[in-house]
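J.: First the structure, which I've put down as C-alpha cells, then a few questions once you've had a look.
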Amino acid sequence: MPGDLERAAGLLGAARRVVVFTGSGISAESGVPTFRDDLTGLWARFDAERLATPEAFDADPDLVWGWYEWRRARARAAEPNAGHRAVAAVEARLPGTTVVTQNVDDLHERAGSRDPIHLHGSLFAPRCTAPAGHPAAFPAGGTEPDEGRRIPPPRCASCGAPVRPGVVWFGEALPVAAFSAAVDAATACDVLLSVGTSGVVYPAAEIPRIAAITGAAVVQVNPEPTPMDELYAANLRGTAAAVLPALVAAAWPGERG
Ligand code: BJW
C-alpha cells in the first residue's frame, strides 16, 4: 500500500528512538522456516508447538535434541537477507534503535545488528538441564543431520546432566533481563516496527502492544493479516526482504541503506 509506506516512512524518518520487533518471518527469505506457516512444509512432519516444550524433551530427548541440531545446522547455513540488512541500516542511521527478536537464529547479528535482545533464547547457547544451567559446548564438527534424526543430547562437562537447547519453551519464563530491557525500549520508543510475527505468543506479543499503549506509532511488515492489525498506524503488506529496504529508502531518501 503506497499510502501506508509513505506514512510509515514519514514516521520512521522523524523518529529518535525505534524498536524493531521481529519474528520468524524476517528469516523466511533466508530459508529458515517460520513456526506456523503451512507452506514451508519444513515443520510438516513435526508439530513445532509440541516439540518446543519441556514435556517433549523429557519424553523423547533424542528426538527433540536431533530436531534442534537440524535447525541449528539450517540456521548456520543460512545467510542474512535484505530485511535483516535493512534493520541494521536503521540502527546505523539511528543509534537509539533497539532490536528485539523472538528468533533463535543469529541472522540479525550476522547482518550487523549490534546487540539484539533475544526473548526466546538462542540455538547457539545450549545449557545443561541441572538447576545451575551450566553453559555447554556443542560436539565439534559434524554435518547437517537429516530432518527427524534422533540424536542423544550430550552430557554436561561440569555435572553430567543432559544438555538441552538454550531456547525458551512453552510454559517457561522468558529471560528476565531480556524481557525487562524489551519492555523499557518499547515504553520509550517513538516508532516500533513489527516484522514477520504472527503476534500470538505471549508475553513477547505484549511488546508492540506496550509501545502502542504508551504512545508510539507501530508499523507492521507482514504479507498476511495478523490479530494485531487494528492496533497499528500502518500495515505494510509484503515480505521483509522487499518492504524493509523500500521503507528505509523512503525514510531517508538520498542515503544508501
Ligand atoms: C513473513 C514472511 C516474510 C512469513 N516476511 N513476514 C496469554 C494468553 C494465552 C497464552 C499465554 C498467555 N501468556 C502465556 C501464554 C502461554 C504461551 C503462549 O503464548 N501460548 C500461545 C501460543 C497461546 N506462552 C508461554 O508459554 C511463554 N512462557 C510463559 O508464558 O511463561 C510463564 C511463566 C512465568 C514464570 C515462570 C514460569 C512460566 C513462553 C513462550 C515461548 C515461545 N517459544 C517459541 C519456541 C522457541 C524455541 C524454538 O524456536 O524452537 O518461540 S514458540 C514459537 O513462537 C517461537 C517463536 O519465537 C514464537 C513466535 O512465532 P513467530 O515468530 O511469530 O512465528 P509464526 O510462524 O507464528 O509467524 C510468522 C509470521 O511471519 C506470520 O505472520 C507470517 O505471515 C509472517 N511471514 N513470511 C515477513 N517473508
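J.: Could you check segment 234-257 and list, in sequence order, the residues that are more than 18 Å from ILE26 (Cβ to Cβ) and modelled with pLDDT under 95?
T.: PRO253, GLY254, GLU255, ARG256
J.: Then there's this: Is there a residue in segment 249-257 that is in the same structural domain as ARG85 (by TED's automatic domain parsing) and in contact with a strand residue (DSSP E or B) (Cβ under 9 Å, 6 or more places away or on another chain)? Break it down stepwise before answering.
T.: First, pick out the residues of segment 249-257 that are in the same structural domain as ARG85 (by TED's automatic domain parsing): 249-257.
Still in the running and in contact with a strand residue (DSSP E or B) (Cβ under 9 Å, 6 or more places away or on another chain): none.
No, segment 249-257 has no match at all.
J.: Contact list please: Cβ distance under 6 Å, first residue in segment 16-41 and closer than 19 Å to ILE117 by Cβ and polar (S, T, N, Q), second residue more than 8 Å from the ligand (Cβ to nearest atom) and at pLDDT below 90, pairs at least six apart or on different chains.
T.: none
A quick yes/no check of all residues on (1) charged (D, E, K, R); (2) not in a loop (DSSP other than H, G, I, E, B):
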| residue | (1), (2) |
| --- | --- |
| VAL90 | no, yes |
| PRO131 | no, no |
| PHE138 | no, no |
| ILE151 | no, no |
| GLU172 | yes, no |
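Results for (1) more than 13 Å from the ligand (Cβ to nearest atom); (2) in contact (Cβ under 8 Å) with a residue 24 or more places away in the chain; (3) not charged (D, E, K, R), shown as yes or no for each residue.
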{"position": "VAL195", "(1), (2), (3)": "no, yes, yes"}
{"position": "ILE213", "(1), (2), (3)": "yes, no, yes"}
{"position": "ALA217", "(1), (2), (3)": "yes, yes, yes"}
{"position": "VAL248", "(1), (2), (3)": "yes, yes, yes"}
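The values are calculated or read from the model by the stated rules, or taken from the named source; none is laboratory data. All values derive from a computational prediction rather than experimental measurement. When we count neighbours, we look across all protein chains shown, and the Cβ atoms used for this are built from the backbone with ideal geometry, even at glycine.
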